[in-house]
Amino acid sequence: MELSVGRLATIDVVIIAVYLAGITILGVWIGRFIKTDEDFFLGGRNLPWWAIGMSMVVSDIGALELVGVAGMAYTYGIAVANFDWIGCIPAMVVAAFIFIPYYWRAKVFTVPEYLGRRYNQFVRSLVALLWGVFFLFMLGIFFYTAALTMNILCGWPMTFSIILIATVVGIYTFFGGLAAVVFLDSIQCVILFIGSFIILGIAMFKVGGYSQLVDMVTAMGGKGQHFNLLVSPDTPTPFGWACVLFGLTFVLSPAYWLGNQAIVQRNLAARSEYEAKKSVLWGGFLKLFIPIMLVGPGIAGLALYPELAKGDDIFPTLIRDLLPPGLVGIVFAAFLAALISSVDSYLNSAATLWTKDIYQQFIRRDKSQRHYMIVGRVLTLVFVVIGVFLAPITEKFPHIFGYMQTMLSIFQGPLLSIIILGLLWRRANGKGAIAGLCLGVATSSTLFAIQDKLFTAPEPFLYIAWWAFLAGLVTTVVVSLLTKPEPPEKIEGLVYSSVRKSKKVG
């Protein structure tokens with residue numbers, strides 16, 4: 001007799017079960033070699049560039065992007081591809097050659113720790129809190145995304161699915177540490193690419209090819225710009241060319257690749273400065289293929305299912321309706337790979353921030369490395385529970401991807417301003433950074449509160465990110481010029497113009 005779980009056949013259930021069991025066992029096995037906080041948080045600073053690059057990519061495009069970007073493409077068109085082609089790749093090149101080497105030389109655990117050395121401890125704590133709280137909300141988003149797909153595929157209640165995924169990922173991340181995250185992410189990157197291109201290929205076959213897809217979508221009312229990569233600023237979408245250029249290319253993307261702890265933490269774990277650079281460039285090359293495998297299913301899904309209530313439903317709907325038994329298991333395993341690679345990254349990075357930048361700084365100083373490793377593991381479990389309780393909030397937003405970008409745009413613009421000025425301008429000081437960060441966040445929060453009166457775009461997070469960045473930049477410059485500069489010996493090795501290539505910062 002053929003068994004099934006919702007729409008999953010026996011073969012699909014077996015594939016998924018084997019995959020989950022395999023990565024859990026491997027994660028626990030790697031955990032046997034973790035003895036110190038540096039092992040748990042940074043893989044002993046001995047991770048290879050190729051694995052780091054693949055881990056960066058799969059963590060960035062995780063389950064949220066599979067569902068969220070496909071949903072945005074379903075609703076707005078291929079302009080969402082700009083988040084990778086125009087947004088990520090230029091910023092990754094800049095990160096590889098200018099910013100990442102300085103982080104690595106400083107031998108820090110976190111980006112806030114670098115900012116604390118460059119400015120002061122208050123800046124470090126404030127940035128750590130901003131990222132730490134954001135990561136907790138992101139965990140809720142990831143759990144909700146997984147539960148949404150399981151609900152459509154298997155018919156399981158959302159709450160049950162959220163708890164199931166949180167339990168599996170929590171156990172795996174608790175034991176694995178960053179080394180397990182990176183090496184398993186490299187495997188999951190391959191699975192993700194295979195699964196995503198399978199569903200894209202079948203969807204395009206069902207539509208009848210690219211030409212037929214264009215004809216079907218453009219024939220729909222109001223879909224005339226779905227195949228425009230750059231759209232007019234006055235169109236009712238979040239992706240007009242002006243906001244893409246200023247809000248994405250100049251602000252959110254650099255802020256993400258230069259200042260996101262979940263991304264930068266991998267580079268800090270590289271074996272050498274040279275390998276840290278290579279890891280980012282390798283990730284940038286892989287990014288060239290991401291829009292094809294994420295945006296394509298969303299556009300093809302519009303032609304096949306034009307009446308969906310929410311665009312975020314299109315990816316799980318394609319899996320459910322188009323794939324035969326066996327392929328469903330492979331693609332769903334790819335989805336779980338994306339989910340796990342994102343959750344383990346944010347869990348590990350959240351634990352790193354709260355342990356190194358908050359707990360170690362303000363609660364228990366000068367404890368053993370093993371003590372901080374244990375604290376990091378305990379916090380990992382605590383954050384899993386918090387993520388479960390935050391997951392239902394995601395349902396209040398029209399698009400999952402828009403929800404994530406909305407939260408990022410509140411603080412990433414001001415944060416980018418103090419990172420850039422801190423590395424490139426010797427005159428920037430701690431007082432300026434505090435003022436710029438606080439006023440920038442206040443600016444973005446105010447703009448969000450009155451967005452309906454100022455912006456025509458339905459989700460104006462890119463515009464808001466740009467103005468918050470400018471507010472933070474101008475404020476930091478003005479306050480720094482009006483106050484005393486940092487002592488030269490304090491910033492030696494932390495500012496672009498002061499670094500000697502032969503010098504390592506201790």
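In terms of the mean number of neighbouring beta-carbon atoms within 10 Å, the peptides 415-421, 100-106 order highest first as 415-421, 100-106. 3J(HN,Hα) along region 430-447, derived from phi through the Karplus expression 6.51 cos²θ - 1.76 cosθ + 1.60 where θ = phi - 60°, amounts to x, 5, x, 5, 4, 5, x, 5, 5, 5, x, 5, 4, 5, 5, 5, 5, 4 Hz, with x in place of Gly and Pro. Normalised by the number of residues in the chain, the mean separation of alpha-carbon contacts (under 8 Å, six or more apart) gives a relative contact order of 30 percent. Across the cross-link table entries 35/107; 107/367; 35/490; 277/310, which are compared at the Cα atoms, the separations over 28 Å belong to 35/490; 277/310.
Here the Karplus curve 6.51 cos²θ - 1.76 cosθ + 1.60, taken at θ = phi - 60°, turns the phi angles of region 164-171 into couplings of 4, 5, 4, 5, 4, 5, x, 5 Hz, with x standing for Gly and Pro.
Once the C-beta distance of residue 212 and residue 45 is scaled by a Förster radius of 45 Å, the resulting FRET efficiency is 0.30 to the nearest 0.05.
Of the peptides 289-299, 437-447, the order by per-residue mean of other Cβ atoms within 10 Å, starting with the highest, comes out as 289-299, 437-447.
Tilt of helix 369-390 relative to the longest C-alpha principal axis of the chain, in degrees (0 to 90, nearest 10)? Approximately 40 degrees, to the nearest ten. Using the Cβ-Cβ distance between residue 205 and residue 18 with R0 set to 30 Å, the FRET efficiency from 1/(1 + (r/R0)^6) comes to roughly 0.60.
Rounded to the nearest angstrom and listed largest first, the equivalent-ellipsoid semi-axes of the chain from its Cα gyration tensor are 36, 28, 19. Backbone geometry of region 72-79 corresponds, through the Karplus equation with coefficients 6.51, -1.76 and 1.60 at θ = phi - 60°, to 3J(HN,Hα) couplings of 5, 5, 4, 7, 10, x, 6, 4 Hz, x marking Gly and Pro.
Sorting the segments 49-60, 13-24 by their residues' average number of neighbouring beta-carbon atoms within 10 angstrom, most packed first, yields 49-60, 13-24. Amide hydrogen proximity for residue 9: with H placed 1.01 Å from N in the peptide plane, the residues at 5 or more positions away or on another chain lying under 5 Å are 326. Note on residue 389 and residue 321: their simple-model spin labels are 3.9 nm apart, each label 7 Å out from Cα toward Cβ.
For region 41-168, the alpha-carbon radius of gyration amounts to 1.31 times the rule-of-thumb value 2.2 N^0.38 Å expected for a compact globular protein.
Read-outs: derived from the displayed coordinates by stated rules, not from any lab. Given the structure is predicted, the values throughout are model-derived calculations rather than measurements. Don't worry about glycine lacking a Cβ; one is built from the backbone with ideal geometry, like all the others, and counts go over all protein chains shown.
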